[in-house]
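Q: My structure is below; once you've seen it, I'll send some questions.
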Amino acid sequence: MDYTVLSIQELHDLYVAGKTNPVEVVEQAIAKAKADKNNALEAVMYDDARKMAMQLVNEGVEEDNLLWGIPYFIKDNFSTKGVETTASSNILKGYVPHFDAEVITRLKAKKAIPLGKAALDELAMGGSGMSGHLGRTFNPFDETHQHMVGGSSAGSASLVAAGIVPFSLGSDTGDSVRKPASYAGLVGFKPTWGRISRYGLYPFTPSLDAVGYFTRNVFDAALLLDTLAGRDDKDLTSSFREVDQYSAYQADVKGLKFATLKGISNSIGNPVLKQHYDRSIEELVKRGATVEMVEIDQNLLNALFSTYFVLSCAESTSNNANLDGVKFGARQAGKTYIDVIKNTRTAGFSALIKRRFILGSYSLKQENQELLFRRAQKARRLIVEAVNKVLTDYDFIYLPAAPSIAPKFDQKSDNLNIAHLVEDNHLVIGNLAGLPSITLPLCIDRGMPIGVNITGRAFDEKRLFAAAAVVESITGLKNLYVGSKK
Ligand code: GLN
(Lines give C-alpha, C1' and ligand atoms only; values in the text may rest on other atoms or scores of the structure.)
Protein backbone atom coordinates (compact mmCIF):
# COMPACT_ATOMS: atom_id res chain seq x y z
CA MET A 1 0.00 0.00 0.00
CA ASP A 2 1.04 3.55 -0.74
CA TYR A 3 0.94 5.24 2.67
CA THR A 4 2.33 8.59 1.65
CA VAL A 5 -0.87 9.63 -0.14
CA LEU A 6 -2.85 9.47 3.08
CA SER A 7 -3.80 12.38 5.29
CA ILE A 8 -2.23 12.95 8.72
CA GLN A 9 -5.22 11.45 10.47
CA GLU A 10 -5.42 8.40 8.19
CA LEU A 11 -1.74 7.70 8.60
CA HIS A 12 -1.96 8.08 12.35
CA ASP A 13 -4.81 5.59 12.52
CA LEU A 14 -2.69 3.04 10.64
CA TYR A 15 0.24 3.64 12.99
CA VAL A 16 -1.98 3.05 15.99
CA ALA A 17 -3.45 -0.08 14.40
CA GLY A 18 0.09 -1.35 13.78
CA LYS A 19 -0.55 -1.59 10.01
CA THR A 20 2.54 0.42 9.18
CA ASN A 21 5.25 2.43 10.95
CA PRO A 22 7.37 5.55 10.40
CA VAL A 23 10.34 3.60 9.03
CA GLU A 24 8.24 2.11 6.24
CA VAL A 25 6.46 5.39 5.52
CA VAL A 26 9.67 7.44 5.48
CA GLU A 27 11.27 4.95 3.09
CA GLN A 28 8.26 5.18 0.79
CA ALA A 29 8.28 8.97 0.89
CA ILE A 30 12.02 9.13 0.16
CA ALA A 31 11.67 6.72 -2.77
CA LYS A 32 8.81 8.79 -4.18
CA ALA A 33 10.64 12.07 -3.67
CA LYS A 34 13.68 10.66 -5.48
CA ALA A 35 11.53 9.55 -8.42
CA ASP A 36 9.54 12.78 -8.52
CA LYS A 37 9.91 14.82 -11.71
CA ASN A 38 8.51 18.14 -10.53
CA ASN A 39 11.76 19.83 -9.47
CA ALA A 40 10.37 20.62 -6.04
CA LEU A 41 13.41 20.16 -3.80
CA GLU A 42 16.30 22.25 -2.59
CA ALA A 43 17.95 20.04 0.04
CA VAL A 44 17.16 16.69 1.61
CA MET A 45 17.42 15.45 5.19
CA TYR A 46 16.99 11.76 4.51
CA ASP A 47 19.70 10.41 6.82
CA ASP A 48 18.35 12.24 9.85
CA ALA A 49 14.80 11.33 8.85
CA ARG A 50 15.67 7.64 8.72
CA LYS A 51 17.35 7.83 12.13
CA MET A 52 14.43 9.64 13.65
CA ALA A 53 11.95 7.14 12.18
CA MET A 54 13.94 4.24 13.60
CA GLN A 55 14.04 5.85 17.01
CA LEU A 56 10.29 6.46 16.98
CA VAL A 57 9.62 2.85 16.07
CA ASN A 58 11.77 1.74 18.98
CA GLU A 59 9.94 4.05 21.37
CA GLY A 60 6.48 2.94 20.25
CA VAL A 61 3.53 4.83 18.83
CA GLU A 62 2.02 7.75 20.76
CA GLU A 63 -1.68 7.12 20.42
CA ASP A 64 -2.85 10.61 21.31
CA ASN A 65 -0.22 12.47 19.25
CA LEU A 66 -1.45 12.65 15.67
CA LEU A 67 1.78 14.19 14.42
CA TRP A 68 3.91 11.30 15.69
CA GLY A 69 5.99 9.93 12.82
CA ILE A 70 4.34 12.08 10.13
CA PRO A 71 6.79 13.08 7.38
CA TYR A 72 6.76 16.58 5.92
CA PHE A 73 8.73 19.07 3.81
CA ILE A 74 9.75 22.60 4.72
CA LYS A 75 9.81 25.60 2.41
CA ASP A 76 13.43 26.59 2.06
CA ASN A 77 12.94 30.02 3.64
CA PHE A 78 12.70 28.50 7.13
CA SER A 79 15.99 28.18 8.98
CA THR A 80 16.97 24.58 9.59
CA LYS A 81 19.86 23.86 11.91
CA GLY A 82 22.75 22.25 10.05
CA VAL A 83 20.87 22.16 6.72
CA GLU A 84 21.60 24.60 3.90
CA THR A 85 18.80 27.16 3.60
CA THR A 86 18.97 29.25 0.43
CA ALA A 87 15.40 30.51 -0.08
CA SER A 88 16.10 29.41 -3.68
CA SER A 89 18.48 32.34 -4.11
CA ASN A 90 22.08 32.16 -5.25
CA ILE A 91 23.01 34.78 -2.69
CA LEU A 92 22.43 32.24 0.10
CA LYS A 93 24.25 29.34 -1.54
CA GLY A 94 26.16 27.50 1.13
CA TYR A 95 24.47 29.25 4.05
CA VAL A 96 23.79 26.81 6.86
CA PRO A 97 21.75 28.20 9.77
CA HIS A 98 22.74 27.34 13.33
CA PHE A 99 19.20 27.20 14.64
CA ASP A 100 15.77 25.85 13.73
CA ALA A 101 12.75 28.03 13.03
CA GLU A 102 10.27 27.88 15.93
CA VAL A 103 7.68 25.97 13.87
CA ILE A 104 10.22 23.26 13.16
CA THR A 105 11.18 23.04 16.83
CA ARG A 106 7.50 22.61 17.68
CA LEU A 107 6.98 19.94 15.04
CA LYS A 108 10.08 18.11 16.26
CA ALA A 109 8.72 18.15 19.80
CA LYS A 110 5.60 16.47 18.37
CA LYS A 111 7.85 13.97 16.56
CA ALA A 112 6.87 14.85 13.02
CA ILE A 113 9.72 13.96 10.67
CA PRO A 114 11.23 16.60 8.35
CA LEU A 115 12.37 15.13 5.03
CA GLY A 116 13.90 18.17 3.39
CA LYS A 117 13.62 21.65 2.01
CA ALA A 118 11.23 22.64 -0.76
CA ALA A 119 11.93 25.03 -3.63
CA LEU A 120 10.28 28.44 -3.83
CA ASP A 121 10.22 31.56 -5.92
CA GLU A 122 13.46 33.33 -5.06
CA LEU A 123 13.23 34.79 -1.53
CA ALA A 124 9.46 34.09 -1.63
CA MET A 125 8.95 36.94 -4.10
CA GLY A 126 6.76 35.62 -6.86
CA GLY A 127 3.69 33.59 -7.62
CA SER A 128 4.72 31.28 -10.43
CA GLY A 129 7.26 28.79 -9.08
CA MET A 130 9.48 29.87 -11.96
CA SER A 131 12.02 32.11 -10.29
CA GLY A 132 13.90 29.86 -7.87
CA HIS A 133 17.59 29.40 -8.67
CA LEU A 134 17.05 25.73 -9.59
CA GLY A 135 14.46 26.55 -12.24
CA ARG A 136 10.76 25.85 -12.59
CA THR A 137 8.76 23.73 -10.18
CA PHE A 138 5.97 21.80 -11.88
CA ASN A 139 2.36 21.04 -11.07
CA PRO A 140 1.90 17.29 -10.46
CA PHE A 141 -1.60 17.48 -11.97
CA ASP A 142 -0.03 18.16 -15.37
CA GLU A 143 2.43 15.49 -16.47
CA THR A 144 3.32 17.50 -19.55
CA HIS A 145 4.76 20.22 -17.30
CA GLN A 146 2.98 23.05 -19.05
CA HIS A 147 1.00 24.36 -16.08
CA MET A 148 2.58 26.03 -13.12
CA VAL A 149 1.90 24.94 -9.56
CA GLY A 150 2.06 28.57 -8.48
CA GLY A 151 4.16 30.12 -5.79
CA SER A 152 5.95 31.26 -4.00
CA SER A 153 5.57 28.05 -1.93
CA ALA A 154 5.87 26.03 -5.14
CA GLY A 155 7.84 23.00 -3.94
CA SER A 156 5.78 22.67 -0.77
CA ALA A 157 2.55 22.54 -2.79
CA SER A 158 3.98 20.23 -5.41
CA LEU A 159 5.26 17.65 -2.91
CA VAL A 160 1.91 17.31 -1.16
CA ALA A 161 -0.05 17.23 -4.42
CA ALA A 162 2.32 14.58 -5.77
CA GLY A 163 1.30 12.33 -2.90
CA ILE A 164 4.71 12.28 -1.20
CA VAL A 165 3.86 13.77 2.20
CA PRO A 166 0.58 14.66 3.92
CA PHE A 167 1.62 18.21 4.75
CA SER A 168 4.30 20.82 4.17
CA LEU A 169 5.28 24.22 5.55
CA GLY A 170 5.02 27.36 3.44
CA SER A 171 4.86 31.10 3.96
CA ASP A 172 2.21 33.54 2.83
CA THR A 173 2.91 37.25 2.33
CA GLY A 174 0.39 37.96 -0.42
CA ASP A 175 -1.12 34.56 -1.23
CA SER A 176 1.91 32.27 -1.50
CA VAL A 177 0.21 29.35 0.23
CA ARG A 178 -3.42 29.99 -0.61
CA LYS A 179 -2.93 30.48 -4.37
CA PRO A 180 -0.77 27.40 -5.06
CA ALA A 181 -3.23 25.45 -2.90
CA SER A 182 -5.90 26.40 -5.44
CA TYR A 183 -3.73 25.26 -8.35
CA ALA A 184 -2.73 22.01 -6.67
CA GLY A 185 -6.03 20.78 -5.17
CA LEU A 186 -4.90 21.28 -1.58
CA VAL A 187 -5.96 22.98 1.59
CA GLY A 188 -3.74 26.02 2.11
CA PHE A 189 -3.98 28.01 5.31
CA LYS A 190 -2.57 31.19 6.77
CA PRO A 191 -3.45 32.25 10.33
CA THR A 192 -4.04 35.66 11.87
CA TRP A 193 -0.90 37.83 11.85
CA GLY A 194 0.98 36.98 15.02
CA ARG A 195 -0.81 33.68 15.70
CA ILE A 196 2.19 31.53 14.68
CA SER A 197 5.75 32.51 15.55
CA ARG A 198 7.85 33.59 12.57
CA TYR A 199 11.14 33.10 14.37
CA GLY A 200 13.44 31.59 11.77
CA LEU A 201 11.23 32.42 8.77
CA TYR A 202 13.20 34.69 6.44
CA PRO A 203 11.47 38.06 6.46
CA PHE A 204 10.03 39.31 3.19
CA THR A 205 7.40 41.83 4.29
CA PRO A 206 7.10 41.51 8.06
CA SER A 207 3.90 43.54 8.27
CA LEU A 208 2.28 40.92 5.99
CA ASP A 209 4.28 37.70 6.42
CA ALA A 210 2.69 34.61 7.94
CA VAL A 211 3.75 31.02 8.39
CA GLY A 212 1.31 28.90 6.40
CA TYR A 213 1.01 25.31 5.33
CA PHE A 214 -0.54 22.81 2.95
CA THR A 215 -2.58 19.77 3.97
CA ARG A 216 -4.95 17.39 2.20
CA ASN A 217 -7.99 18.27 4.28
CA VAL A 218 -9.40 20.84 6.68
CA PHE A 219 -9.08 18.72 9.81
CA ASP A 220 -5.34 18.28 9.30
CA ALA A 221 -4.98 22.06 8.89
CA ALA A 222 -6.75 22.66 12.22
CA LEU A 223 -4.69 19.96 13.87
CA LEU A 224 -1.42 21.62 12.86
CA LEU A 225 -2.55 24.94 14.29
CA ASP A 226 -3.09 23.23 17.68
CA THR A 227 0.68 22.69 17.72
CA LEU A 228 1.98 25.73 15.88
CA ALA A 229 -0.10 28.56 17.40
CA GLY A 230 1.01 30.45 20.44
CA ARG A 231 3.33 33.03 21.93
CA ASP A 232 7.02 32.67 21.33
CA ASP A 233 9.30 35.13 23.13
CA LYS A 234 11.78 34.85 20.27
CA ASP A 235 9.24 36.53 17.96
CA LEU A 236 8.06 39.72 19.63
CA THR A 237 5.25 40.06 17.09
CA SER A 238 3.73 36.76 18.18
CA SER A 239 0.47 37.09 20.08
CA PHE A 240 -0.12 36.40 23.76
CA ARG A 241 -3.70 35.38 23.00
CA GLU A 242 -4.73 32.08 24.38
CA VAL A 243 -4.53 29.17 21.95
CA ASP A 244 -7.72 27.28 21.19
CA GLN A 245 -8.09 23.63 20.43
CA TYR A 246 -8.77 24.28 16.78
CA SER A 247 -9.21 20.67 15.74
CA ALA A 248 -12.20 20.41 18.07
CA TYR A 249 -14.30 22.59 15.72
CA GLN A 250 -17.86 21.50 14.97
CA ALA A 251 -18.50 21.53 11.22
CA ASP A 252 -21.59 23.71 11.13
CA VAL A 253 -22.62 26.94 9.43
CA LYS A 254 -26.09 27.38 10.87
CA GLY A 255 -26.66 31.08 11.53
CA LEU A 256 -23.30 32.10 10.10
CA LYS A 257 -23.04 34.91 7.59
CA PHE A 258 -20.88 34.78 4.48
CA ALA A 259 -20.13 37.83 2.33
CA THR A 260 -19.19 37.60 -1.30
CA LEU A 261 -17.60 40.72 -2.72
CA LYS A 262 -19.17 42.45 -5.68
CA GLY A 263 -16.50 43.23 -8.23
CA ILE A 264 -14.89 39.83 -7.65
CA SER A 265 -17.60 37.23 -7.23
CA ASN A 266 -19.83 38.67 -9.96
CA SER A 267 -17.09 38.75 -12.58
CA ILE A 268 -16.02 35.10 -12.64
CA GLY A 269 -15.08 34.25 -16.21
CA ASN A 270 -14.48 30.50 -15.95
CA PRO A 271 -17.88 28.77 -16.42
CA VAL A 272 -16.96 25.62 -14.46
CA LEU A 273 -15.75 27.72 -11.56
CA LYS A 274 -18.89 29.86 -11.68
CA GLN A 275 -21.17 26.85 -11.67
CA HIS A 276 -19.45 25.23 -8.68
CA TYR A 277 -19.07 28.47 -6.78
CA ASP A 278 -22.78 29.27 -7.17
CA ARG A 279 -23.73 25.73 -6.24
CA SER A 280 -21.59 25.83 -3.11
CA ILE A 281 -23.37 29.01 -2.08
CA GLU A 282 -26.79 27.37 -2.56
CA GLU A 283 -25.63 24.45 -0.44
CA LEU A 284 -24.32 26.73 2.31
CA VAL A 285 -27.72 28.39 2.41
CA LYS A 286 -29.42 24.98 2.60
CA ARG A 287 -27.27 24.24 5.64
CA GLY A 288 -28.50 27.36 7.42
CA ALA A 289 -25.95 29.98 6.43
CA THR A 290 -26.68 33.40 4.99
CA VAL A 291 -24.69 34.36 1.90
CA GLU A 292 -24.94 37.91 0.60
CA MET A 293 -23.12 39.99 -1.94
CA VAL A 294 -21.48 43.01 -0.37
CA GLU A 295 -19.96 45.98 -2.08
CA ILE A 296 -16.59 47.42 -1.21
CA ASP A 297 -15.56 50.67 -2.90
CA GLN A 298 -14.21 49.51 -6.27
CA ASN A 299 -11.36 52.01 -5.98
CA LEU A 300 -10.14 50.11 -2.93
CA LEU A 301 -10.33 46.77 -4.71
CA ASN A 302 -8.51 48.28 -7.68
CA ALA A 303 -5.80 49.48 -5.31
CA LEU A 304 -5.15 46.07 -3.73
CA PHE A 305 -2.31 45.04 -5.97
CA SER A 306 -0.51 48.37 -6.16
CA THR A 307 -0.80 48.84 -2.40
CA TYR A 308 0.60 45.39 -1.77
CA PHE A 309 3.35 45.88 -4.28
CA VAL A 310 4.60 49.22 -2.99
CA LEU A 311 4.56 48.03 0.63
CA SER A 312 6.12 44.64 -0.05
CA CYS A 313 8.90 46.03 -2.24
CA ALA A 314 9.70 48.68 0.34
CA GLU A 315 9.77 46.31 3.28
CA SER A 316 11.66 43.65 1.36
CA THR A 317 14.47 45.90 0.21
CA SER A 318 14.94 46.98 3.79
CA ASN A 319 14.66 43.50 5.30
CA ASN A 320 17.03 41.91 2.81
CA ALA A 321 19.75 44.52 3.29
CA ASN A 322 21.59 41.98 5.45
CA LEU A 323 22.21 39.80 2.39
CA ASP A 324 25.50 41.45 1.52
CA GLY A 325 28.01 38.60 1.59
CA VAL A 326 29.77 40.12 4.57
CA LYS A 327 28.15 38.24 7.41
CA PHE A 328 26.97 35.10 5.62
CA GLY A 329 25.98 33.77 2.22
CA ALA A 330 27.81 33.45 -1.08
CA ARG A 331 30.38 36.26 -0.98
CA GLN A 332 31.96 37.63 -4.16
CA ALA A 333 35.47 39.05 -4.05
CA GLY A 334 36.12 42.79 -4.23
CA LYS A 335 38.85 45.27 -3.44
CA THR A 336 36.89 47.22 -0.85
CA TYR A 337 34.05 46.52 1.56
CA ILE A 338 31.66 48.35 -0.78
CA ASP A 339 32.91 46.34 -3.78
CA VAL A 340 32.30 43.08 -1.93
CA ILE A 341 28.71 44.09 -1.22
CA LYS A 342 28.11 45.37 -4.75
CA ASN A 343 29.59 42.29 -6.42
CA THR A 344 27.81 39.92 -4.07
CA ARG A 345 24.41 41.48 -4.61
CA THR A 346 24.95 41.86 -8.36
CA ALA A 347 25.76 38.18 -8.76
CA GLY A 348 23.50 36.87 -6.01
CA PHE A 349 20.06 38.20 -6.94
CA SER A 350 18.13 37.56 -10.13
CA ALA A 351 16.77 40.46 -12.17
CA LEU A 352 13.30 39.98 -10.65
CA ILE A 353 14.60 40.59 -7.15
CA LYS A 354 16.65 43.57 -8.22
CA ARG A 355 13.59 45.08 -9.86
CA ARG A 356 11.62 44.78 -6.61
CA PHE A 357 14.46 46.28 -4.58
CA ILE A 358 14.74 49.18 -6.98
CA LEU A 359 11.00 49.85 -6.76
CA GLY A 360 11.15 49.53 -2.98
CA SER A 361 14.11 51.87 -2.63
CA TYR A 362 12.48 54.34 -4.99
CA SER A 363 9.31 54.47 -2.91
CA LEU A 364 11.31 54.90 0.30
CA LYS A 365 13.52 57.65 -1.05
CA GLN A 366 12.91 60.81 0.89
CA GLU A 367 11.49 62.81 -1.99
CA ASN A 368 9.12 59.98 -2.99
CA GLN A 369 8.11 58.70 0.41
CA GLU A 370 4.94 60.75 0.89
CA LEU A 371 3.73 60.09 -2.63
CA LEU A 372 4.44 56.35 -2.69
CA PHE A 373 5.23 54.58 0.56
CA ARG A 374 3.09 56.68 2.91
CA ARG A 375 0.30 56.76 0.39
CA ALA A 376 0.34 52.98 0.15
CA GLN A 377 0.19 52.79 3.93
CA LYS A 378 -2.85 55.07 3.89
CA ALA A 379 -4.49 53.02 1.15
CA ARG A 380 -3.84 49.93 3.26
CA ARG A 381 -5.58 51.53 6.21
CA LEU A 382 -8.65 52.32 4.06
CA ILE A 383 -8.71 48.77 2.67
CA VAL A 384 -8.41 47.27 6.15
CA GLU A 385 -11.20 49.48 7.48
CA ALA A 386 -13.49 48.50 4.63
CA VAL A 387 -12.75 44.79 5.08
CA ASN A 388 -13.19 44.91 8.83
CA LYS A 389 -16.49 46.68 8.33
CA VAL A 390 -17.66 43.77 6.18
CA LEU A 391 -16.44 41.41 8.89
CA THR A 392 -18.40 43.13 11.63
CA ASP A 393 -21.62 42.39 9.75
CA TYR A 394 -20.47 39.02 8.38
CA ASP A 395 -18.46 36.15 9.79
CA PHE A 396 -16.57 35.34 6.61
CA ILE A 397 -15.66 36.53 3.14
CA TYR A 398 -16.20 33.79 0.57
CA LEU A 399 -14.51 34.05 -2.85
CA PRO A 400 -12.85 31.95 -5.55
CA ALA A 401 -9.18 31.58 -4.63
CA ALA A 402 -8.07 32.10 -8.23
CA PRO A 403 -9.79 33.10 -11.48
CA SER A 404 -9.20 29.70 -13.09
CA ILE A 405 -6.97 26.62 -13.15
CA ALA A 406 -3.20 27.07 -12.91
CA PRO A 407 -1.96 29.15 -15.83
CA LYS A 408 0.50 27.69 -18.30
CA PHE A 409 4.05 28.88 -17.87
CA ASP A 410 3.99 30.70 -21.17
CA GLN A 411 0.69 32.42 -20.27
CA LYS A 412 2.24 34.13 -17.28
CA SER A 413 2.65 37.59 -18.64
CA ASP A 414 2.71 40.84 -16.79
CA ASN A 415 -1.00 41.34 -17.23
CA LEU A 416 -1.68 44.73 -15.71
CA ASN A 417 -5.33 44.84 -16.76
CA ILE A 418 -7.06 46.16 -13.65
CA ALA A 419 -9.94 43.64 -13.57
CA HIS A 420 -7.44 40.82 -13.86
CA LEU A 421 -5.26 42.27 -11.11
CA VAL A 422 -8.23 42.33 -8.75
CA GLU A 423 -9.49 38.80 -9.44
CA ASP A 424 -5.96 37.41 -9.38
CA ASN A 425 -4.70 39.19 -6.26
CA HIS A 426 -7.60 39.67 -3.87
CA LEU A 427 -6.22 37.08 -1.44
CA VAL A 428 -3.82 39.78 -0.34
CA ILE A 429 -6.74 41.18 1.68
CA GLY A 430 -5.92 38.48 4.24
CA ASN A 431 -2.37 39.81 4.60
CA LEU A 432 -3.12 43.53 4.48
CA ALA A 433 -5.68 43.05 7.26
CA GLY A 434 -3.79 40.24 9.04
CA LEU A 435 -6.76 37.88 8.88
CA PRO A 436 -6.91 34.08 8.96
CA SER A 437 -7.67 32.67 5.54
CA ILE A 438 -8.03 29.22 4.04
CA THR A 439 -8.19 27.86 0.50
CA LEU A 440 -9.69 24.46 -0.25
CA PRO A 441 -10.55 22.63 -3.48
CA LEU A 442 -13.84 23.65 -5.09
CA CYS A 443 -13.90 21.92 -8.48
CA ILE A 444 -11.88 20.28 -11.22
CA ASP A 445 -11.74 21.80 -14.68
CA ARG A 446 -9.92 20.01 -17.53
CA GLY A 447 -8.27 17.73 -14.98
CA MET A 448 -6.88 20.63 -12.96
CA PRO A 449 -8.18 21.86 -9.59
CA ILE A 450 -9.54 25.28 -8.66
CA GLY A 451 -9.95 26.36 -5.04
CA VAL A 452 -12.30 28.52 -3.06
CA ASN A 453 -11.18 30.81 -0.25
CA ILE A 454 -12.69 31.74 3.09
CA THR A 455 -11.31 34.61 5.14
CA GLY A 456 -12.44 35.17 8.72
CA ARG A 457 -12.12 37.60 11.58
CA ALA A 458 -8.82 38.01 13.40
CA PHE A 459 -8.17 35.12 15.81
CA ASP A 460 -11.37 33.41 14.73
CA GLU A 461 -9.55 30.39 13.28
CA LYS A 462 -11.72 27.79 14.94
CA ARG A 463 -14.90 28.99 13.27
CA LEU A 464 -12.99 29.39 10.01
CA PHE A 465 -12.12 25.70 10.12
CA ALA A 466 -15.70 24.84 11.00
CA ALA A 467 -16.97 26.73 7.95
CA ALA A 468 -14.26 25.26 5.72
CA ALA A 469 -15.15 21.76 6.86
CA VAL A 470 -18.74 22.36 5.75
CA VAL A 471 -17.58 23.57 2.33
CA GLU A 472 -15.35 20.50 2.13
CA SER A 473 -18.36 18.27 2.72
CA ILE A 474 -20.30 20.16 0.05
CA THR A 475 -17.63 19.81 -2.63
CA GLY A 476 -16.71 16.26 -1.66
CA LEU A 477 -13.15 17.17 -2.68
CA LYS A 478 -10.96 15.95 0.11
CA ASN A 479 -7.59 14.20 0.31
CA LEU A 480 -6.77 14.96 -3.30
CA TYR A 481 -3.41 14.15 -4.81
CA VAL A 482 -2.36 13.51 -8.34
CA GLY A 483 -3.37 9.88 -8.37
CA SER A 484 -6.68 10.25 -6.54
CA LYS A 485 -8.63 10.43 -9.85
CA LYS A 486 -11.30 12.85 -8.76
N1 GLN B 1 2.75 36.51 -5.43
C2 GLN B 1 2.99 37.52 -4.44
C3 GLN B 1 4.31 38.21 -4.73
O4 GLN B 1 4.89 37.92 -5.72
C5 GLN B 1 2.96 36.89 -3.06
C6 GLN B 1 4.23 36.31 -2.60
C7 GLN B 1 4.12 35.69 -1.22
O8 GLN B 1 3.04 35.57 -0.62
N9 GLN B 1 5.27 35.33 -0.67
O10 GLN B 1 4.76 39.05 -4.01
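The values are calculated or read from the model by the stated rules, or taken from the named source; none is laboratory data. Not measured: the values here are computed from a predicted model. Here Cβ is always computed from backbone atoms with ideal geometry, including for glycine, and neighbour counts include all displayed protein chains.
Q: Test V482 against the criterion of being surrounded by fewer than 22 Cβ atoms within 10 Å (Cβ to Cβ) and within 15 Å of the ligand (Cβ to nearest atom), and give yes or no.
A: The answer is no for V482.
Q: Here are A210, A161, A181, A221: which of them is surrounded by 24 or more Cβ atoms within 10 Å (Cβ to Cβ), among the small types (G, A, S) and farther than 23 Å from E10 by Cβ?
A: Step by step, each of A210, A161, A181, A221 is checked, and only A210 is surrounded by 24 or more Cβ atoms within 10 Å (Cβ to Cβ), among the small types (G, A, S) and farther than 23 Å from E10 by Cβ.
Q: Here are R356, R345, R381: which of them is farther than 23 Å from N266 by Cβ, of a type outside the set (S, T, Y) and without any contact (Cβ under 8 Å) to a residue 60 or more places away in the chain?
A: Every option except R381 fails the conditions.
Q: Name the residue that is nearest to E27 (Cα to Cα), counting only residues in segment 85-103 that are out of contact with any strand residue (DSSP E or B) (no Cβ under 6 Å at 6 or more places or on another chain) and assigned to a helix (DSSP H, G or I).
A: Within segment 85-103, the match that is nearest to E27 (Cα to Cα) is E102.
Q: Right, something else. Report the residue count in segment 85-98 for those that are surrounded by fewer than 24 Cβ atoms within 10 Å (Cβ to Cβ) and of a type in the set (G, A, S).
A: 1
Q: Sticking with this structure for a sec: Cβ-Cβ under 8 Å, sequence separation 6+ or interchain: first residue in segment 53-67 and without any contact (Cβ under 8 Å) to a residue 60 or more places away in the chain, partner in a loop (DSSP other than H, G, I, E, B) and surrounded by fewer than 16 Cβ atoms within 10 Å (Cβ to Cβ). Which pairs?
A: Within 8 Å, the pairs are V61/G18.
Q: Using beta carbons and a limit of 6 Å, which pairs, at least six apart or on different chains, have the first residue in segment 199-211 and farther than 23 Å from A221 by Cα and modelled with pLDDT of 95 or more and the second one within 12 Å of the ligand (Cβ to nearest atom) and not in a loop (DSSP other than H, G, I, E, B)?
A: Cβ pairs passing all conditions: F204/A124; F204/S316; T205/S312; T205/E315; T205/S316.
Q: A further question follows. Quick check on my filter: what residues within segment 364-421 are crowded, with 18+ Cβ neighbours inside 10 Å, of a type in the set (F, W, Y) and part of a helix (DSSP H, G or I)?
A: Within segment 364-421, F373 is the sole residue that qualifies.
Q: I'd like the residue in segment 112-151 that is crowded, with 24+ Cβ neighbours inside 10 Å and among the charged types (D, E, K, R) and, out of all such residues, is nearest to the ligand (Cβ to nearest atom).
A: Among residues in segment 112-151 that are crowded, with 24+ Cβ neighbours inside 10 Å and among the charged types (D, E, K, R), the one nearest to the ligand (Cβ to nearest atom) is D121.
Okay, residues lined up against (1) within 24 Å of E283 (Cβ to Cβ); (2) of a type in the set (A, V, I, L, M):
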position	(1), (2)
T392	no, no
L399	yes, yes
P407	no, no
H420	no, no
E423	yes, no
V428	no, yes
C443	yes, no
D460	yes, no
V470	yes, yes
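Q: Looking at segment 335-353, which of its residues are in a loop (DSSP other than H, G, I, E, B) and either at pLDDT below 95 or crowded, with 16+ Cβ neighbours inside 10 Å (or both)?
A: Within segment 335-353, F349, S350 qualify.
Q: Could you list all residues from segment 246-272 that are outside any loop (DSSP other than H, G, I, E, B) and basic (K, R)?
A: Once the filter is applied, which keeps residues that are outside any loop (DSSP other than H, G, I, E, B) and basic (K, R), segment 246-272 yields only K257.
Q: Further question: Looking at segment 238-286, which of its residues are touching a Pro at 6+ places or on another chain (Cβ under 7 Å) and of a type outside the set (G, A, S)?
A: I268, N270, L273, Y277
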